[in-house]
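To keep things clear, I will list the structure first and then write my remarks on it.
Since every read-out is calculated from the coordinates, none of them should be taken as a lab result. Here the structure is a predicted model, which is why all the values come from computation and not from measurement. So basically every Cβ, Gly included, is an ideal-geometry build from the backbone, and we count neighbours across all protein chains shown.
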């Protein structure tokens, strides 16, 4: 057990180092942004005295290393600072945008896993047959279609020509679950490309696993085909698919800006766009840290699961 435990410990230490690197990287990037936040907040005809007061209030007159230390210490205690525009805590911005983004991500994943795995297994069972060619052609074509183009197409057909669903979420607030019709088109757009990539990975993994020596050995022992397919081949095929799924979750939770902008979803992506437009540096920094840490945690979890599901040289039959 020393080997696996040592690998897990090293991976956890690497995740902690990556988290610290994210904090440093975010601070360095926001420091490198052109312009001055105090000048931007002072208005079109800024008064030098007002600019000086704003710089002092925001701590911009202090050395960068002092501001980094205070900011990092605040992050460790869950304090992301306050907005320069409204004065509200950054955590309230994150909390307001997290609900709609989490709802979209949850609905997308609920449909993604059974659809992606099911299509991949179906294609693998009919390798090089009509079903396999149909699934592969459709998924390849869908994957090549940009999200924005697909979103506009769905709005044109199902919201304007056939008024079945609202074109945007304007007027529905943040409680989108109370208005499920507003979620149909965004979820379809979010689902399209991940289903294609996940199903193709599962298909390739299943075909490789079913052609492996341990699968042939299992057939010689007359083990039922269903047990070989779902008990041995599918778990091994899910190892690379798990990492792809983690990247998809990261993509969904970190604010799908194109989809949220197209359907006016008040999620994290919209909050980030508004903060960038207003040059609200603390909000941008807070969201960037949340996105970065989410990526690190999800990749860490995917590596641990993939390590557990990775093919072994011997399989208990």
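Mind jotting down the distance between the C-alpha centroids of segment 111-184 and segment 262-299, whole Å?
A separation of 25 Å, based on Cα centres.
From the C-alpha coordinates alone, can you work out the Kirkwood hydrodynamic radius of segment 90-309, in Å? Let's see the in-between values first.
On the way: mean 1/r = 0.0524 Å⁻¹.
Value: 19.1 Å, from the Cα pair sum.
Extending each Cα 7 Å along its Cβ direction at residue 5 and residue 179, get the distance between those two points in nm, one decimal.
5.5
What spacing in nm lies between the two simple spin-label points modelled at residue 164 and residue 28, each 7 Å away from Cα in the Cβ direction?
5.0
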